[in-house]
Each structure stands twice: as C-alpha cells, then as structure tokens.
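Reading through the structure tokens given below for one structure.
The values are calculated or read from the model by the stated rules, or taken from the named source; none is laboratory data. Just so it is clear, the model here is predicted, and its values are computed rather than measured. Every residue, glycine among them, receives a Cβ derived from its backbone with ideal geometry; neighbour counts consider all protein chains shown. Remember, those area values only see protein heavy atoms, side chains included, never the ligands or the DNA or RNA. Shrake-Rupley method; radii C 1.70, N 1.55, O 1.52, S 1.80 Å.
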Amino acid sequence: MYSKTNTTTLIGLDGKLVEVESDITSGLPSFTIVGLPDSSIKESRDRVRVALINSGYRFPAGRITINLSPADLKKEGTQLDLPIAISLLGSMGVINFDYEEYIILGELSLDGRIVPIRGALAMVIAMRELGFTKFIIPDDNKDECAIISDIEIYPFDKLTDLVAFLNKEKKVKAYEIDLSKITEEKTYDYDFKDLKGQESLKRALQIAAAGNHNVLMIGAPGSGKTFSAKHLPTILPDMSFDEKVEVTKIYSIMGLLGSGHLVNERPFRAPHHTSSEVALIGGGHSVPRPGEITLAHKGVLLLDEFPEYRKNVIEALREPLENKEINVARSQASVKYPADFILIAAMNPCPCGNYGNPLKECTCSFNEIRRYLNKISSPILDRIDIHIEIKPVKYEDLKDDSKSKSSRELKEEVVRARLIQEERYRSEKISTNSELNTNQMKKYIKLSEDVEKIAKMAFNKYNFSVRSFNKIIKMSRTIADLEGSKEIESKHLLEAIRYRSLDDKYWSN
C-alpha cells in the first residue's frame, strides 16, 4: 500500500520540499530508504522501527521502501524521522486521513517521543514561502516557530497523540504565542559611563555603531581594547522584527536558541584566535555549515589578538567584509550565508605589546615588530574603516568622577543618526552609510569646495587607496549625521581622516 507525507530539508538557510513516499509489498522483510539520504536518515530506519513497536503499533513484515523525492537532492537531518513514521503508518492503514496538507517535522526517540530538531524555524519559513500553512512539529520547537503569525503550528511530544490527531480522534488547537512577552528590551551588564579615560575610543565606537563601520584597535595589553569592544552592543539600535527572525533562523540551525524563543539582542561573537578558517567563515565536508561571521550577522564580531589568527583565516575575511555575505562551495552543495556584522579587531602594536607605550619599554627588535604588523595585509586594513590607537589608562583617569555619557545617551544619538540614513536611502536597498557603493556616493554625498581641497590634500599626503579614501568619505557622512548636519563640514572630514592616519605610523615601512 502506498502513502506520502511532506517534509523539508535544509540547504544552507533555505529549505527544500521533500516528499516522503512509502510502499509496503509482500516478500522477504526489508526496510530500504532511497533518495540520497545522509547517515542520520539511514539510521532512522532503526529509530522508526523501534519507536513504532514501543508505541503499540505492529511493524509490517513485508518489503518496505521509503523514497525521498526529489531523488537527486541530498537530504540530511533527523527531522525526517517523523514524516517517515507517519508515511509508513499510512501505508499500514493505521492512519486514514488526508494529511498531505501538513509539513511534518520531528525526530523520534525509541520510546515514541517526538524530540526537538535543529533549524525548525528556517524550515517553516521556507515552506511558508511555498504556500504551506499547516505544520506538525516537536513540542519543544513550538515557541521558535510560532513567531510566524500567518501559519498554523501543531506541536506534539508523542507519536500516539499525533496519530490520534491525524485520525480526528483528538482535537488540538493551533499553537499561538504572545510576541510582546518575548520581545522585551535587552539589559546589559556593561555601560559606557563606567569606561574611564577612553573618550576618544568611545567616540570611535559610537561612529562605528551609527554607520555600521568596522574598527581596528591598537594598544598595549591592559589598555581596555577587549573591555571596550564588549560595550558596543549596548549602543547599537534595536533589531527590527525581520532582523530578529533572520538571526533566529541562523541560531535555530546551529542549535543555539537556548530558551527556544526569538533572539532579541544583537549577537556578539568572540572566537578564540586559534579558530580555524572553517570555524570562522563556515564550511564542512558535505553541506557547509555557518561560521562565526554568520553567527555574528546583524551584530558584532570581536577578533581579539588579531595578528595571532592564522594568515589564511584573516585573509578569508576579505570577501565577507566587502559583500556582507559568504558563498561556500563544497562537492555536495554550494550555499550562501549572510554576514552583515561590525568587525572589531583588537591587536597589540608588537609581540611584547609595549611599542609606543609611554609607561613600559618595548623589548622587540625592529624586524620583529615589522613581521608582527605585516601579518595584517593592506587589503584587510583597507576594509576596516576606523583605525584607532589606545593609550594605557592613567590613575588620574580612574579617579575622574566627571560625568560621562551613558550607553543609553550614546544609543539615542546613534538611533537618530540611523533614522537619518534610513530616510536618505529609503529608495535604495541599503540603510547605512557604510553600504554605499561608488554610484550611490556620487548621488548622495556632495563635498563643498573647501572640503574637497582638504580631501585632495589628505589623499596625496597619506597615499590612501581608493577603497580607504571612500571609507573616509562615508565615515565623514556618518559623523555629520551624528551631529544632525545636512552637509559634510571640514571638521567632519578631518575627524574621519584622523581615524585612518594611524596607518602611516605603523604600516608605512
């Protein structure tokens, strides 16, 4: 007897419709799954068989064939356990109801429980775009999937309850969630008002937050680079609902949702400097998985001890920093992951860390310093907008009780600047100054004659590349937006130039 259910498999962040067909014929007992299943799906034969028996159903003794269509698409994931079991029960005549309107997702335990899966939200969104509106999912995945309001979610934790529902022996209402209870404002343990003696750094980080600019911090050990970077999320604008859903999809796929609700706060990722290229960028042997740059999407990626990362890892950042996405190709699949993040790179000025430190003497030779700094190539430096040197904090600064702007005050200024940019670029597919391409810069950024002269002098003096020079102009626009100025003034451009003149000190030779 033939039966069919609908489910899905993930390729990157996109879900593909999979039809699970089952057929039972007479012959020697066998259980075959065809249609390019991965090892986790092949193992579902044993999980499904034992789960059916332990749930009180008689396992058929004939030849069982499960086909996963389309047959030329590689399938992976344990979410196919439940649709295979339901399709098989349909072939056995246990279920007598048309359930093809449902997308069924779930992993089975040996005692018949339906256990949670990774990537449930991404799968639901993908199938919703194909026109499906009814979903059967594990009970533990209900909160993450219920944030999509125009679909029906039916969560179950036992196979027997699901069978009773499909046979119309048990009524179950579609699950709904109150979004207002899971979109509460995030509270942080850090506040910029507690950051003493680093006003110039606070200013640079505020500019980065306002225009979505990348930052390179150079300073001696203990000067506050890492501590300062951890403050950046406290002044970033709150994510829109669409951004929250996009980030939640990524974390759902990686099994990092925790409570299973919507991700409300912007991500902050800080991988160790021993991380591999695959861990940072994404990849894998079969279907590529997201890396740290994708987990930092719409948030902050802190790379502390920047020169200590392997050379190939640092250079792999070139394309995602420029394109805000990463294309990973492997033999089994080619996927595209989003990677729109603010990079905060922190480094010492030399191996011992004290080059240029007024409080301690540097013990490194000239060649050691050159080798250390040259681990950061010019193409990478060009892609980082703000370069700032951090001096060690003095004792007097720690005892200075003068009022400093709090994170809330800085965030209000950042939000105002972002709103100005959103209004300016409402007809474009961008929302911040850092995203401007060359044609858009010509359209939206006009320099006065006096400002143009300063720009020309700086370009010739510091030998800026075209990419670096364009980033300076974009930074100037962000600084002007923070002050509510319609035009870029000389002081705005000069401040932006100051954030790139550090290259002349450290990388000129």
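Close contacts from segment 5-21, counting a first residue that is under 14 Å from Gly119 (Cα atoms) and a second that is among the basic types (Lys, Arg) and surrounded by fewer than 22 Cβ atoms within 10 Å (Cβ to Cβ), with Cβ to Cβ under 7 Å and a gap of 6+ residues or different chains, come to Thr8/Lys16; Thr9/Lys16; Gly12/Lys336. Which one is surrounded by the most Cβ atoms within 10 Å (Cβ to Cβ), of the residues in segment 245-280 that are within 11 Å of the chain's Cα centre (by Cα) and farther than 17 Å from Val124 by Cα? Top of the filtered list is Arg266.
For beta carbons closer than 6 Å, sequence separation of 6+ or different chains, a first residue in segment 312-326 that is closer than 14 Å to Ala279 by Cα and a second that is in a helix (DSSP H, G or I) and open to solvent by 40 Å² or more (accessible area, probe 1.4 Å), the qualifying pairs are Asn312/Glu277; Val313/Glu277; Ala316/Glu277.
Which residue is most open to solvent (accessible area, probe 1.4 Å), if the candidates are limited to segment 366-383 and must be part of a helix (DSSP H, G or I) and hydrophobic (A, V, I, L, M, F, W, C)? Can you show your working first?
First pass over segment 366-383, keeping only residues part of a helix (DSSP H, G or I): 366-373, 378-382.
Still in the list and also hydrophobic (A, V, I, L, M, F, W, C): 366, 369, 373, 380-381.
Working: Phe366: 130, Ile369: 13, Leu373: 0, Ile380: 1, Leu381: 9 Å².
Going through the qualifying residues, I end up with Phe366.
Screening Asp450 with (1) surrounded by fewer than 14 Cβ atoms within 10 Å (Cβ to Cβ); (2) over 21 Å from Asn323 (Cβ atoms); (3) free of Cβ contacts under 8 Å to residues at least 24 places away in the same chain gives one miss only, at (3).
Taking segment 477-491 as the range and being in contact (Cβ under 8 Å) with a residue 24 or more places away in the chain and under 35 Å from the mean Cα position of the chain (by Cα) as the test, the residues that pass are Arg477, Thr478, Ile479, Asp481, Leu482, Gly484, Glu487, Ile488. Out of Tyr499, Tyr506, Tyr462, one residue alone is within 29 Å of the chain's Cα centre (by Cα) and hydroxyl-bearing (Ser, Thr, Tyr). It is Tyr499.
Checked against (1) touching a helix residue (DSSP H, G or I) at 6+ places or on another chain (Cβ under 8 Å); (2) closer than 19 Å to Ile95 by Cβ; (3) at pLDDT 95 or above, Asn54 passes all but a single condition, namely (1).
With respect to (1) under 12 Å from Leu108 (Cβ atoms); (2) touching a residue at least 60 places away in the same chain (Cβ under 8 Å); (3) in contact with a strand residue (DSSP E or B) (Cβ under 6 Å, 6 or more places away or on another chain), the lone exception for Lys75 is condition (1). Exactly one residue out of Glu413, Glu423 is of a type in the set (D, E, K, R) and buried (at least 18 other Cβ atoms within 10 Å of the Cβ): that is Glu413.
Just to be sure before I move on: is Glu423 more than 16 Å from Leu493 (Cβ to Cβ) and either out of contact with any Phe, Trp or Tyr (no Cβ under 6 Å at 6 or more places or on another chain) or in a loop (DSSP other than H, G, I, E, B) (or both) in the structure I sent? Outline the logic, then answer.
Numbers: more than 16 Å from Leu493 (Cβ to Cβ): yes; either out of contact with any Phe, Trp or Tyr (no Cβ under 6 Å at 6 or more places or on another chain) or in a loop (DSSP other than H, G, I, E, B) (or both): yes.
Yes, satisfied.
Find the helices (runs of 4 or more DSSP H) located wholly in segment 250-320 whose residues include 2 or more that are modelled with pLDDT of 95 or more, under 29 Å from Ala210 (Cβ atoms) and touching a Lys or Arg at 6+ places or on another chain (Cβ under 6 Å), and list them. Spell out how you get there, then give the answer.
On the way: elements: 277-281, 292-295, 311-315.
Here the list reads 292-295.
Listed by position, the helices (runs of 4 or more DSSP H) inside segment 146-244 whose residues that are among the hydroxyl-bearing types (Ser, Thr, Tyr) and open to solvent by less than 70 Å² (accessible area, probe 1.4 Å) number at least 2 are 225-229. Restricted to helices (runs of 4 or more DSSP H) entirely inside segment 459-509, those with at least 3 residues that are under 27 Å from Ile369 (Cα atoms), touching a strand residue (DSSP E or B) at 6+ places or on another chain (Cβ under 9 Å) and of a type outside the set (Val, Ile, Thr) are 502-506.
Residues in segment 391-409 that are of a type outside the set (A, V, I, L, M), open to solvent by less than 100 Å² (accessible area, probe 1.4 Å) and at pLDDT 75 or above: Lys391, Pro392, Ser404, Lys405, Ser406, Ser407, Glu409.
Within segment 100-114, which residues are in a loop (DSSP other than H, G, I, E, B), in contact with a helix residue (DSSP H, G or I) (Cβ under 9 Å, 6 or more places away or on another chain) and open to solvent by 10 Å² or more (accessible area, probe 1.4 Å)? First the steps, then the outcome.
Of all residues in segment 100-114, those in a loop (DSSP other than H, G, I, E, B) come to 100-101, 105-106, 109-112.
Add one more test, that the residue is in contact with a helix residue (DSSP H, G or I) (Cβ under 9 Å, 6 or more places away or on another chain), and what stays is 105-106, 109-112.
Ser109, Leu110, Asp111 - these are the residues of segment 100-114 that are in a loop (DSSP other than H, G, I, E, B), in contact with a helix residue (DSSP H, G or I) (Cβ under 9 Å, 6 or more places away or on another chain) and open to solvent by 10 Å² or more (accessible area, probe 1.4 Å).
Has segment 213-228 got any residue that is under 30 Å from Leu121 (Cβ atoms), modelled with pLDDT of 95 or more and under 21 Å from the mean Cα position of the chain (by Cα)? Please lay out each step first, then the result.
Step one: filter segment 213-228 for residues under 30 Å from Leu121 (Cβ atoms), giving 214.
Going one step further and asking which of them are modelled with pLDDT of 95 or more, we end up with 214.
When the remaining residues are screened for being under 21 Å from the mean Cα position of the chain (by Cα), the result is 214.
Yes: one or more hits.
In the condition set (1) open to solvent by 50 Å² or more (accessible area, probe 1.4 Å); (2) touching a Phe, Trp or Tyr at 6+ places or on another chain (Cβ under 9 Å), Leu359 is compliant with all but (2).
Which one of Ser149, Ser91 is in contact with a helix residue (DSSP H, G or I) (Cβ under 9 Å, 6 or more places away or on another chain), of a type in the set (Ser, Thr, Tyr) and modelled with pLDDT under 95? Walk me through it before giving the result.
On the way: Ser91 fails: in contact with a helix residue (DSSP H, G or I) (Cβ under 9 Å, 6 or more places away or on another chain).
Of Ser149, Ser91, the one residue that is in contact with a helix residue (DSSP H, G or I) (Cβ under 9 Å, 6 or more places away or on another chain), of a type in the set (Ser, Thr, Tyr) and modelled with pLDDT under 95 is Ser149.
For the condition open to solvent by 30 Å² or more (accessible area, probe 1.4 Å) and either touching a helix residue (DSSP H, G or I) at 6+ places or on another chain (Cβ under 9 Å) or under 30 Å from Gly197 (Cα atoms) (or both), Phe306 does not qualify.
Taken over segment 435-458, residues that are in a helix (DSSP H, G or I) and of a type in the set (A, V, I, L, M) amount to 6.
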